[in-house]
1. Inside region 22-41, can you point out the residues that are farther than 28 Å from residue 280 by Cα and modelled with pLDDT under 95?
2. I'm checking my understanding of the structure. Among residues of region 279-297 that are under 27 Å from residue 38 (Cα atoms), hydrophobic (A, V, I, L, M, F, W, C) and surrounded by fewer than 22 Cβ atoms within 10 Å (Cβ to Cβ), which one is nearest to the chain's Cα centre (by Cα)?
3. Specify which of the listed residues (31, 56, 66, 103) is buried (at least 21 other Cβ atoms within 10 Å of the Cβ) and more than 20 Å from the chain's Cα centre (by Cα).
4. Out of all the residues in region 253-269, is one or more aliphatic (A, V, I, L, M) and under 18 Å from the mean Cα position of the chain (by Cα)?
5. Exactly one of (1) in contact (Cβ under 8 Å) with a residue 40 or more places away in the chain; (2) assigned to a strand (DSSP E or B); (3) under 26 Å from residue 166 (Cα atoms) is unmet by residue 217. Its number?
6. Determine the pairs where a residue that is among the aromatic types (Phe, Trp, Tyr), located within region 93-119, has a partner that is surrounded by 22 or more Cβ atoms within 10 Å (Cβ to Cβ) with Cβ atoms under 6 Å apart, the partner being 6 or more residues away or on another chain.
7. With respect to residue 157, determine if the residue is under 22 Å from residue 225 (Cα atoms) and assigned to a strand (DSSP E or B).
8. Here's a check for you: in region 298-308, which residue that is part of a strand (DSSP E or B) and over 14 Å from the mean Cα position of the chain (by Cα) is surrounded by the most Cβ atoms within 10 Å (Cβ to Cβ)?
Amino acid sequence: MGNLYPLLMLPGFDPRPWGTLDLSPIYPNRQFEEKIGEAWLTGDDCKVANGPLAGQTLTQVSGKYQRELVGDAARDAKRFPLLLKFLFPHEKLSVQVHPDDEQARRVGQPWGKTECWYVAHAKAGAQIALGLKPGVSVAQLEQAIHEKRAEEVLNWLNVFTGDMIYVCGGTVHTLGPGSVIVETQQQSDTTYRLYDYGRPRELHLKEGLAAVRLNGASGKVLRPAPAQVAGSSNRRAPLVAAPYFVVDMFEMKDAQELNTRDETGKSSAQILVAVEGCGVVEAAGAESVTFAKGDAVVVPASVEKFTVRPQWTLEFLIARVPGEELREPETRM
């Protein structure tokens, strides 16, 4: 394990015009003076909160420790592979699209931005838009944008607490108000804004329309029911397994040992994000790390084995890079 240990990350709160002052579903004890749209957990500039590396950014730690941190499943040894964050839409986000890997490389970026959304909370009537309505072409989307009616050509879906949405690069999308989302994505912030309801922000029509894919695999992920973990009261629910990330949900009442290698033998950093309750992450030779709702812990690949010990009960997402090539998940609209 060297000098690495489980890293408690400081969330970075990002103001957005569509955000909210009230983040109480996740951060009930924090007060804000401007609307917060996102809480970044594992962004390049997010900082470590505990231990000897406290105050260093994830970029600095990745550059120093490389495969010890990210594991051998990650494509780039020097960059942390996955960005996780909470989204708090209080108004509609801009209609946007992210490039896939191929389109990103055409414009000089190392990779695109495929993502997934776990719906941690949803009010009645909460919606997202994912892709275009059947039969709508890119040219018709462009016309609708110029006529200020882009919302009419989007495919709107109702969302509910517990849904997992897969959003492959090239899919036009937006979030409506009324939900709290945990987003897992490739470590990229390349976003092309196509439509913004008249807000005075720059649009990226040329690049964005060129990046649109009409036949992607985006949609609500079809997945098995949660399964009881043998020998415990814990439950594990596979949420999504995709080319860039695997995300599971754990509901824990008993301590459980986990590891940073998958069935292929390849290792990956593990990102734990608490959505309910509180727990402790323990690893040999390291101080224990307490994390609660809204917190993220990065377990470096070199740690190999670690234990999560709930304090009463704990629900958390755990994300990693797959050690094998996976197909896109089965989804429905």
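1. 33
2. 292
3. 103
4. Within region 253-269, one or more residues are aliphatic (A, V, I, L, M) and under 18 Å from the mean Cα position of the chain (by Cα).
5. Unmet condition: (2).
6. The qualifying pairs are 111/186; 117/165; 117/181; 118/164; 118/182.
7. Here the answer is yes, as residue 157 does meet what is asked.
8. Result: 299.
The values are calculated or read from the model by the stated rules, or taken from the named source; none is laboratory data. Predicted, not measured: the structure shown is a model, and the values here were computed from it. All Cβ positions, glycine included, derive from the backbone under ideal geometry; neighbour counts span all protein chains shown.
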